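Notes for the one structure printed next.
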Amino acid sequence: MYKGLEKEKILIVDDVETNRLVLEEIISSMGCQPILAESGQQALEIMKEAPPNLLITDISMPGMDGYDLCRRLKEDEDLKNIPVIFISAFDDTEDIVEGFVLGGEDYITKPFIPEIVQARVGVHLRLHVMKRELMETNRRLQVSVSEQLKQMEQEKKNVLNVLANVAAQNSHYKKEHMERLSHNCRVLAQAMQLSPLFEGSISDTFVDTIEIAAPLCDIGNIGIPKEILLKKELTEEDILIIQNHTNLGAEFLDALYANNDYNDFISTSIDIVRYHHENWDGSGYPEQLSKDEIPLAAQIVSMMDRYSTLAGEEGYTREEILDTMDKEAGVKFNPDIFGICRKISRQLS
């Protein structure tokens, strides 16, 4: 009759020993495992150590009564899903209603009729088992969906990284430059997390995102003729064409994900691609933004792109890089971010 419930643990709480023993015998005859407690406080201690599958508690007890026990149970995130059955010598309507309001599942009156106790306990145990199985099914489904979404996002990032590498090759950037830029952006963003000026703006997700998104900054070069990118002397028209790579790249990402909900990675990538050539004093492009009008991610990538170029392609020493960029702080770069950059420069590559 109670097949499948043999391993279910039932906590019985009553200050009267006779009642505990009677209920223990009834529960044992079902094949379940009874656990006895003589007070609400003792019951809480037992539940925190080994949560039962169902709680049967007397209402009228000295100290913590059954209502208080139920209330404490439902306030505990780890215990709130345990079904509660109240027992009492009284069947007053108000008492019954109060038990249900507190989250109780059922109400049994004394003296106990074994068949009624077993029937009600069996019903709530089965419901609890079904609920537990449903929650586990939902958890597995969520994990499966989450993994699929992660895989889809990773595939999107892989596509963008391939395109970014094409763009880099098109303009003769080296792979080492992209790797250096990615690393340096992460290091600077992590340092900014520790600053009171930026701790509220930079999360762990932001740090992970900027590390991956930074190499996409010049993805718009795909739309620029290679012969112009490789010119040693540029005309004014050539300069305008090259500067348009920021808009081309942002429009490319926007079109690529037009039918998808934007996530942090895509929105941050678009900010970086469109605005990483803006200057702190408003002299940059494409929109001549200034100061904090420039998205923070774009400010970081702009500074680290300069640092990485000086360290790699130009072969500057760390001191030479900092001296050069010190003159550009407040003009090209946010001086507060450069101050942090200077402090952690030994960690940059």
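The values are calculated or read from the model by the stated rules, or taken from the named source; none is laboratory data. Everything numeric here is computed off the predicted structure, so don't read it as measured data. Glycine also receives a Cβ, built like all others from the backbone with ideal geometry; neighbour counts cover every protein chain displayed. Just the protein is used for accessible areas: all its heavy atoms, side chains included, with ligands, DNA and RNA removed. Shrake-Rupley method; radii C 1.70, N 1.55, O 1.52, S 1.80 Å.
Would you check if ILE27 is closer than 19 Å to HIS124 by Cα, under 40 Å from the mean Cα position of the chain (by Cα) and touching a residue at least 12 places away in the same chain (Cβ under 8 Å)? Considered against the rule, which asks whether it is closer than 19 Å to HIS124 by Cα, under 40 Å from the mean Cα position of the chain (by Cα) and touching a residue at least 12 places away in the same chain (Cβ under 8 Å), ILE27 comes out as no. Every condition in (1) out of contact with any Gly (no Cβ under 6 Å at 6 or more places or on another chain); (2) within 22 Å of GLU8 (Cβ to Cβ) is met by TYR107 except one, and the failing one is (1).
The test for being open to solvent by 30 Å² or more (accessible area, probe 1.4 Å) and in a loop (DSSP other than H, G, I, E, B) does not hold for GLU227.
Tell me, please, whether a residue that is touching a helix residue (DSSP H, G or I) at 6+ places or on another chain (Cβ under 8 Å), within 15 Å of VAL301 (Cβ to Cβ), in a helix (DSSP H, G or I) and open to solvent by 60 Å² or more (accessible area, probe 1.4 Å) can be found in the range 240-248. No, the range 240-248 contains no residue that is touching a helix residue (DSSP H, G or I) at 6+ places or on another chain (Cβ under 8 Å), within 15 Å of VAL301 (Cβ to Cβ), in a helix (DSSP H, G or I) and open to solvent by 60 Å² or more (accessible area, probe 1.4 Å).
Set side by side, the residues LYS131, LYS150 differ, and just one is open to solvent by 50 Å² or more (accessible area, probe 1.4 Å), at negative phi, part of a helix (DSSP H, G or I) and touching a residue at least 40 places away in the same chain (Cβ under 8 Å), which is LYS131.
Candidates ILE272, ILE266: the one that is closer than 21 Å to ARG180 by Cβ and assigned to a helix (DSSP H, G or I) is ILE272.
Only one entry of GLU314, GLU319 meets the criterion of being charged (D, E, K, R), in a loop (DSSP other than H, G, I, E, B), open to solvent by 20 Å² or more (accessible area, probe 1.4 Å) and without any contact (Cβ under 8 Å) to a residue 60 or more places away in the chain, and that entry is GLU314.
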